[in-house]
Structures are given as C-alpha cells and as structure tokens.
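Novice: Take a look at the following structure, please.
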Amino acid sequence: MERVRLGIIGIGNMGSAHSKSIYEGNVPELVLTAVADLKESRRSWARETFGDSVAVFSNAEELLGSGMTDAVLVATPHYEHPRLVKEALRRGLHVMSEKPAGVYTKAVRDMNEEAAKHSDLVFAMMFNQRTNCIYRKMHELVVGGTYGQIKRVNWIITDWYRPQIYYDSGDWRATWDGEGGGVLLNQCPHQLDLLQWICGMPSRVQAFCHEGKWHQIEVEDDVTAYLEYPNGATGVFITSTGDAPGTNRFEVDLEMAKIVCENDRISVFELEENDRDFCVRTTEGFSQPKGQWIDVETDGKNEQHTGVLKAFAAAVLRGEPLVARGEEGIRGLTLSNAMHLSGWLKKPVDLPFDEELFLEELNKRRATSDRKTNLKETTFEIS
C-alpha cells in the first residue's frame with residue numbers, strides 16, 4: 001500500500017477542512033476516497049467539491065461498510081466520537097478522532113478498551129497543537145528535567161471571545177444534550193491536553209464553572225480551576241469566551257527556572273542554583289537566587305492538522321510514531337470532567353473521580369437541556 005485510503009465521517013466545519021486539504025494533496029500519503037454526513041446540504045457540497053472522485057454516503061455505517069477505505073477520520077458531534085471509533089476498529093479500519101475524545105470518560109474508557117483489542121490497528125487523536133514548536137519546546141524543557149520539579153502552573157487562556165450569534169448558529173451548540181459542555185469541551189480540549197502533556201496530571205481539582213455568565217447559554221462560559229499535583233505543586237487554569245481582549249499566558253515555575261509562554265514566544269528565567277538549595281543555604285533574609293532571562297529558540301515548525309495527518313499516514317504505512325495516540329485523549333477529558341464535577345458538587349474532586357457519578361450529574365442536565373439536539377437532523381460538525 002503506497003497511500004492510505006481515507007474516509008471522513010462528518011463534513012461540517014473541521015471535516016470539510018480536512019477533506020479539502022487531503023483532496024488538494026497536502027498530505028501526500030493519504031487519498032480521500034469517501035465522506036459521510038447526515039445532512040443533505042453537506043453531501044451536496046461534497047459532490048460539488050469533489051465530483052465523482054470521492055464517494056458520498058448518507059451515514060457513517062454505509063461508509064464503514066463500503067470497503068472503500070483503509071482508515072477513517074471521525075469529525076462528528078462530541079457524543080458520537082467513542083461509538084464511531086469503536087465501530088471503525090471492529091471493522092478493521094485505522095482511526096483518527098477529532099477532539100475531544102468524547103464527552104464523558106466512561107465512554108472514552110470503553111473506547112480505549114476496544115482499541116486495545118485491536119492493537120494491530122492505528123488509533124490516533126487530532127491534537128494538532130502538539131505540533132506547535134512553542135509547545136513542543138515547553139514539553140522538552142519541563143519533561144526533560146533540566147530545571148527540576150514543577151512548583152506552580154498558571155494558564156490564563158481567554159483569547160477566544162465568542163458573540164451570542166456564534167452560539168445561536170446551531171441547536172446543538174452550548175447545550176448539555178447537544179455538545180456536552182461549553183468552553184471546557186469546545187474551546188479547551190487542546191489546552192487541557194497540552195497542560196497534562198507538559199505538566200502531568202493533577203491529583204485534585206477544585207473548579208468554579210459559571211454557566212451562561214456572559215451569554216444566553218446553559219453551559220459554562222467562564223471557568224477558574226485550582227489544581228493540586230502529587231508532588232505538592234499547585235496550578236490555576238482560567239478560561240472564558242467572554243473576555244475582550246483575551247489573554248493566552250502559560251507559566252510554569254520549576255526549582256531552577258520560570259518558563260513563560262506568551263505571544264508565540266518562550267522566555268525562561270534560569271536560576272544559577274536550585275531555589276530549594278538556596279532557600280536553606282542563604283543567611284540573608286531578603287535575598288533571592290540569582291539568574292537571568294533568556295529567549296528560547298525553537299525549530300519554527302508548526303504543521304498543525306497537516307502534521308498530525310502526515311504522522312497518521314506514516315504510522316499506518318510504516319509504523320512510525322503518532323503525534324498523539326488515541327488512548328491519550330482520555331487525559332484532557334479527565335481534567336474537564338473533573339472541573340465540571342467539582343463545579344456541580346461545589347467541592348474539590350480527587351482524581352480518579354467517580355465516573356458513574358459524573359455521568360449521573362451530566363444526564364440530569366441533559367434531561368432538562370433547553371435545546372435538545374436531534375442528531376438525525378444535525379450536520380456532523382465540530383468546532
């Protein structure tokens with residue numbers, strides 16, 4: 001096999017972008033052979049865009065059973081991701097899933113268990129921000145251990161302002177029944193993935209999730225979360241779709257450095273010695289460990305979605321490493337679920353948390369969701 005035949009399930013916002021990119025040859029080792037969408041308008045768009053060179057199906061099951069693909073990319077509404085990934089794996093197809101991995105960890109854990117049964121197949125997540133040279137360098141600096149253990153983490157990520165019209169553009173948007181959450185599940189999956197990828201998983205979360213604070217929606221649009229890590233480090237994660245202008249500043253304090261990521265650059269204040277050693281050594285009451293700010297160079301590469309898809313094709317064809325394995329999707333989702341659960345219960349939540357309790361609380365909100373989503377009438381799309 002010289003190229004991987006790819007089918008895309010869901011050709012809404014992201015699915016259509018992926019399909020056009022592959023059709024135009026941006027991922028040479030992938031060839032688009034099929035797409036599927038429940039909505040006729042999207043299928044008509046596909047026929048007009050790709051002509052007879054790409055098969056167009058009215059549902060996922062038809063595409064999965066067509067024999068026209070070696071792999072599929074799932075780009076549907078969030079709740080559908082685990083079900084479709086499992087079905088594709090059962091049919092012997094390699095799978096790439098858009099973010100998030102799902103809405104609740106219980107379903108994603110079942111998905112991962114299904115993937116383990118088919119370990120000969122490639123299962124990947126579309127965590128395209130991991131290709132960003134800035135975050136790759138932060139991962140290298142923190143995980144590499146040169147600067148010692150993490151002491152504190154702060155990420156203010158509020159630079160995705162959304163007006164009301166954004167939420168009014170689809171009945172599934174910003175509803176518990178349609179989308180399963182707000183800013184944590186729609187805008188933040190990449191940042192929550194990066195947070196755990198770079199800094200590891202916390203052991204306890206306490207969050208304040210404000211629902212409909214800045215918009216007429218039923219889900220959260222403003223969140224402040226406090227994190228506690230196993231080694232005693234602490235963190236704060238702040239996000240909102242209501243700040244204009246917003247901020248994107250990611251800080252990691254370690255024993256021998258402070259790393260600051262902002263405005264697409266990394267700065268590091270390197271200490272001359274471990275601050276824990278200095279703390280017990282110094283005899284001056286107001287002294288501080290010496291150091292200096294340095295600018296950090298990166299390789300400048302940031303292939304985003306194309307890079308993830310190139311790696312996916314290479315993994316299928318030659319067994320090369322993925323940007324993100326599919327099983328890793330549960331980690332960032334664990335953080336968002338824990339934040340939601342903490343906000344609902346109004347108390348700290350230890351990780352791992354009670355997945356059945358989370359689902360019970362989520363279903364309470366789905367049952368009273370103002371704008372119920374009928375998936376049979378809703379285009380497969382993801383933001």
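The values are calculated or read from the model by the stated rules, or taken from the named source; none is laboratory data. Since this is a predicted model, take the numbers as computed values, not measurements. Note that each Cβ is placed from the backbone with ideal geometry, even for glycine, and that neighbours are counted across all protein chains shown. Only protein heavy atoms, including side chains, enter the accessible area calculation; ligands, DNA and RNA are left aside. Shrake-Rupley method; radii C 1.70, N 1.55, O 1.52, S 1.80 Å.
Novice: Would the stretch 355-362 turn up any residue that is open to solvent by 100 Å² or more (accessible area, probe 1.4 Å), modelled with pLDDT under 95 and either touching a Lys or Arg at 6+ places or on another chain (Cβ under 9 Å) or in a helix (DSSP H, G or I) (or both)?
Specialist: no
Novice: Looking at (1) closer than 29 Å to Ile165 by Cβ; (2) in contact (Cβ under 8 Å) with a residue 60 or more places away in the chain, which one does Gly212 not meet, given that it meets all the others?
Specialist: In the conditions (1) closer than 29 Å to Ile165 by Cβ; (2) in contact (Cβ under 8 Å) with a residue 60 or more places away in the chain, Gly212 misses (2) alone.
Novice: Pick from Lys106, Lys151, Lys137: which is among the charged types (D, E, K, R) and under 28 Å from Thr76 (Cα atoms)? Break it down stepwise before answering.
Specialist: Values: Lys151 fails: under 28 Å from Thr76 (Cα atoms); Lys137 fails: under 28 Å from Thr76 (Cα atoms).
Exactly one of Lys106, Lys151, Lys137 is among the charged types (D, E, K, R) and under 28 Å from Thr76 (Cα atoms), namely Lys106.
Novice: Counting only residues that are in a loop (DSSP other than H, G, I, E, B) and open to solvent by less than 80 Å² (accessible area, probe 1.4 Å), which one in the stretch 136-158 is farthest from Asn302 (Cα to Cα)? Talk me through it step by step, then tell me what you get.
Specialist: If we filter the stretch 136-158 for residues that are in a loop (DSSP other than H, G, I, E, B), which is where we start, we get 144-149, 158.
From what is left, the residues that are open to solvent by less than 80 Å² (accessible area, probe 1.4 Å) are 144-145, 147-148, 158.
Values: Gly144: 21, Gly145: 24, Tyr147: 25, Gly148: 27, Thr158: 22 Å.
My answer is Gly148.
Residues are listed down the side, and each one gets a yes or a no for (1) touching a Lys or Arg at 6+ places or on another chain (Cβ under 9 Å); (2) closer than 29 Å to Val103 by Cβ; (3) not polar (S, T, N, Q):
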position: Ile198; (1), (2), (3): no, yes, yes
position: Val223; (1), (2), (3): no, yes, yes
position: Ser240; (1), (2), (3): yes, yes, no
position: Gly246; (1), (2), (3): no, yes, yes
position: Glu255; (1), (2), (3): yes, no, yes
position: Phe269; (1), (2), (3): yes, no, yes
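Novice: Moving to a separate point now. Could you please find all residues in the stretch 17-51 being in contact with an Asp or Glu (Cβ under 8 Å, 6 or more places away or on another chain) and among the small types (Gly, Ala, Ser)?
Specialist: Correct list: Ala36, Ala46.
Novice: Kindly indicate whether any position in the stretch 245-253 is in contact (Cβ under 8 Å) with a residue 60 or more places away in the chain and open to solvent by less than 10 Å² (accessible area, probe 1.4 Å).
Specialist: As a first pass, look at the stretch 245-253 and keep what is in contact (Cβ under 8 Å) with a residue 60 or more places away in the chain: 245-253.
Still in the list and also open to solvent by less than 10 Å² (accessible area, probe 1.4 Å): 250, 252.
Yes, there is a match, as at least one residue in the stretch 245-253 is in contact (Cβ under 8 Å) with a residue 60 or more places away in the chain and open to solvent by less than 10 Å² (accessible area, probe 1.4 Å).
Novice: Let me ask something else about it. Kindly indicate whether any position in the stretch 162-171 is under 25 Å from Val143 (Cα atoms), of a type in the set (Phe, Trp, Tyr) and either in a loop (DSSP other than H, G, I, E, B) or open to solvent by 10 Å² or more (accessible area, probe 1.4 Å) (or both). Break it down into steps so the answer makes sense when it comes.
Specialist: So the first thing to find is which residues in the stretch 162-171 are under 25 Å from Val143 (Cα atoms), and the list is none.
No; the residues of the stretch 162-171 include none that is under 25 Å from Val143 (Cα atoms), of a type in the set (Phe, Trp, Tyr) and either in a loop (DSSP other than H, G, I, E, B) or open to solvent by 10 Å² or more (accessible area, probe 1.4 Å) (or both).
Novice: Of all residues in the stretch 179-205 being free of Cβ contacts under 8 Å to residues at least 60 places away in the same chain and in a loop (DSSP other than H, G, I, E, B), which is most open to solvent (accessible area, probe 1.4 Å)? Spell out how you get there, then give the answer.
Specialist: Within the stretch 179-205, the first condition is being free of Cβ contacts under 8 Å to residues at least 60 places away in the same chain, and the residues that meet it are 182-183, 199-200.
Imposing the further condition that a residue be in a loop (DSSP other than H, G, I, E, B) reduces the set to 182-183, 200.
On the way: Gly182: 7, Val183: 1, Gly200: 27 Å².
Filtering first and then ranking leaves Gly200.
Novice: Taking the residues in the stretch 254-276 that are surrounded by 14 or more Cβ atoms within 10 Å (Cβ to Cβ) and acidic (Asp, Glu) as candidates, determine which candidate is farthest from Arg204 (Cα to Cα). Working first, answer last.
Specialist: First, the residues of the stretch 254-276 that are surrounded by 14 or more Cβ atoms within 10 Å (Cβ to Cβ): 254-262, 266-271, 274-276.
With acidic (Asp, Glu) added as a condition, the list becomes 255, 262, 270, 275.
Numbers: Glu255: 22, Glu262: 26, Glu270: 29, Asp275: 25 Å.
Only one residue tops the list, namely Glu270.
Novice: Has the stretch 313-333 got at least one residue that is within 18 Å of Glu220 (Cβ to Cβ) and modelled with pLDDT of 95 or more? Break it down into steps so the answer makes sense when it comes.
Specialist: To start, the set of residues in the stretch 313-333 that are within 18 Å of Glu220 (Cβ to Cβ) comprises 332-333.
Right, trim to modelled with pLDDT of 95 or more and you get 332-333.
Yes - at least one qualifying residue is present in the stretch 313-333.
Novice: If you go through the stretch 333-354 one residue at a time, how many are open to solvent by 10 Å² or more (accessible area, probe 1.4 Å) and closer than 23 Å to Pro77 by Cα?
Specialist: 1
Novice: Something else about it: Just name the residue that is modelled with the lowest pLDDT out of those in the stretch 1-37 that are crowded, with 20+ Cβ neighbours inside 10 Å and part of a loop (DSSP other than H, G, I, E, B).
Specialist: Of everything passing the filter in the stretch 1-37, Gly12 is modelled with the lowest pLDDT.
Novice: If you check every pair at least six apart or on different chains, which have Cβ atoms under 7 Å apart with a residue in the stretch 272-294 that is free of Cβ contacts under 8 Å to residues at least 12 places away in the same chain first and a residue that is surrounded by 14 or more Cβ atoms within 10 Å (Cβ to Cβ) second?
Specialist: From the stretch 272-294, the pairs are Phe278/Pro289.
Novice: In the stretch 51-107, what residues are modelled with pLDDT under 95 and open to solvent by 40 Å² or more (accessible area, probe 1.4 Å)?
Specialist: Scanning the stretch 51-107 gives no hits.
Novice: What number of residues in the stretch 206-240 are touching a Pro at 6+ places or on another chain (Cβ under 7 Å) and buried (at least 19 other Cβ atoms within 10 Å of the Cβ)?
Specialist: Looking only at the stretch 206-240, we keep the residues that are touching a Pro at 6+ places or on another chain (Cβ under 7 Å), and these are 206, 227-229, 235.
Retained after the next criterion (residues that are buried (at least 19 other Cβ atoms within 10 Å of the Cβ)): 227, 229, 235.
Of the residues in that region, 3 qualify.
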